[in-house]
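> If you scroll down you'll find the structure; I have some questions about it.
The values are calculated or read from the model by the stated rules, or taken from the named source; none is laboratory data. Model, not experiment: these values are computed from the prediction. Cβ coordinates were reconstructed from backbone atoms using ideal geometry, including for glycine residues, and neighbour counts include every protein chain displayed.
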Amino acid sequence: MQTLLIDPVAFSIGSLRVHWYGLILGLGALAGLLLAIREGKRFGIPQEFFMDLLLLGVPSAIIGARIYYVAFKWEDYKDNFLDVFKIWNGGIAIFGALIGAIICALIFVRRRGYSFWRIADICAPSLLAGQIIGRWGNFVNQEAYGGPVSETFLRGELHLPNFIVNQMNVQGVFHHPTFLYESLWNLVGIVVLLIIRRQKFLRSGELFIGYFIWYSIGRFFIEAVRTDSLAFQGSTGLADFINNTLWAPMTWMGFELGHLDPAYGNIRISQLLSVLFIIAGIILIIVRRVTGRANVRYLDPIVSTKAGVSPTPEAELQTNKTVKSPAATSSKNHKETVETAELVDKSPLTQAQEAEAKQTQVDETPVIKPDTEDKKE
């Protein structure tokens with residue numbers, strides 16, 4: 001059967017070629033922005049804040065992704081340093097992008113007077129939305145795929161449509177659509193985050209940490225199926241623990257480890273980082289709860305420490321629903337307490353004195369006799 005390949009160039013304007021990859025990444029960024037703006041309105045954060053964050057965060061993410069990739073592929077660039085800047089030739093990594101974006105957000109959010117954890121919580125579903133859509137850019141470019149599989153596996157067991165099966169035919173060999181695995185895993189993840197963020201038990205920072213834990217779990221298992229992983233040479237014991245012990249559930253499901261070039265190493269960097277992120281995330285949640293650093297709940301109002309930042313009408317309405325005036329509550333409670341004390345604390349002697357006083361008032365009231373005789377003129 002002839003392989004149907006999607007042209008990576010969406011359209012051209014003169015000599016300028018616009019690639020599907022860039023359009024898809026832009027669509028993912030836009031979807032994430034809209035999600036953040038919508039949730040931000042609930043807390044009185046203006047949409048311009050998230051637009052500025054995106055404009056600064058995207059370049060920071062690209063720079064971080066490139067530095068991360070080059071750092072682990074330095075042997076390929078040390079003799080051709082100018083190739084480091086040729087990002088259009090490929091070579092970026094998602095974990096590097098996250099690191100770059102987080103560093104940018106830490107600086108930007110603090111300068112605007114907001115808590116980093118509160119803003120990161122709002123943006124957590126947006127990150128997953130961007131990754132869900134962005135992975136389809138890998139699909140168009142026929143990259144980041146997994147090891148070889150049969151066409152029967154893709155059509156008969158996974159029941160994938162023709163356009164995906166055909167695009168996974170790379171030079172006559174069918175491959176695991178790992179882009180699809182990760183996209184679907186993140187789709188489930190965003191549903192989970194959207195549900196739990198409305199729960200009262202959720203504390204500040206935990207939604208963002210939960211994003212890292214969820215993504216890292218999926219990335220750990222999917223990464224080992226790929227054949228283009230960044231790797232390094234580590235101890236045999238650690239490699240065996242990761243590839244055989246921790247990855248065993250995938251073997252039980254019928255998956256096989258993707259080929260890893262021994263020249264690159266025996267431990268996939270993304271797998272090791274995923275394990276570390278999962279452990280660190282769980283520990284961080286526990287420590288923040290135990291030490292009292294997570295007393296603020298996700299649903300609590302968000303306030304900027306910078307002057308001149310006023311809440312939106314939506315935020316004021318939300319605040320009025322969740323926070324009552326302390327002065328009004330105190331006054332009401334005081335009034336009820338006084339009235340209760342007056343009714344309950346009266347002794348029998350006081351009640352008898354009141355009854356006697358009422359009787360005295362009745363006795364002293366003058367009696368008016370009716371004039372029954374007619375007056376004579």
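> Pairs please, first residue from the range 62-84 and acidic (Asp, Glu), second anywhere and part of a helix (DSSP H, G or I), Cβ atoms under 6 Å, 6+ apart in sequence or on different chains.
Sorted first by the residue in the range 62-84, then by its partner, the pairs are ASP83/TYR77.
> Give me a count of the residues in the range 58-111 that are surrounded by 17 or more Cβ atoms within 10 Å (Cβ to Cβ) and either outside any helix (DSSP H, G or I) or not assigned by TED's automatic domain parsing to the domain that holds LYS306 (or both).
3
> Are any residues in the range 209-246 among the aromatic types (Phe, Trp, Tyr) and over 26 Å from the mean Cα position of the chain (by Cα), and if so, which ones?
PHE232, PHE241
> Moving on to the next point. Condition first: part of a loop (DSSP other than H, G, I, E, B) and at pLDDT 95 or above. Now tell me which residues in the range 169-194 satisfy that.
Within the range 169-194, HIS176, PRO177 meet the criteria.
> Starting from residues that are out of contact with any Asp or Glu (no Cβ under 6 Å at 6 or more places or on another chain), more than 21 Å from ILE94 (Cα to Cα) and in contact (Cβ under 8 Å) with a residue 24 or more places away in the chain, keep the ones in the range 26-41 and report whichever is surrounded by the most Cβ atoms within 10 Å (Cβ to Cβ).
Among them, the one singled out is GLY40.
> Turning to a different aspect of this structure: Hey, among ILE278, ILE283, which residue is surrounded by fewer than 16 Cβ atoms within 10 Å (Cβ to Cβ), of a type in the set (A, V, I, L, M, F, W, C), assigned by TED's automatic domain parsing to the domain that holds ASP228 and part of a helix (DSSP H, G or I)?
Testing whether each residue is surrounded by fewer than 16 Cβ atoms within 10 Å (Cβ to Cβ), of a type in the set (A, V, I, L, M, F, W, C), assigned by TED's automatic domain parsing to the domain that holds ASP228 and part of a helix (DSSP H, G or I) leaves just ILE283.
> For residues that are among the small types (Gly, Ala, Ser) and in contact with an Asp or Glu (Cβ under 9 Å, 6 or more places away or on another chain), scanning just the range 253-292, find the one that is farthest from ASP240 (Cα to Cα).
Only one residue tops the list, namely GLY254.
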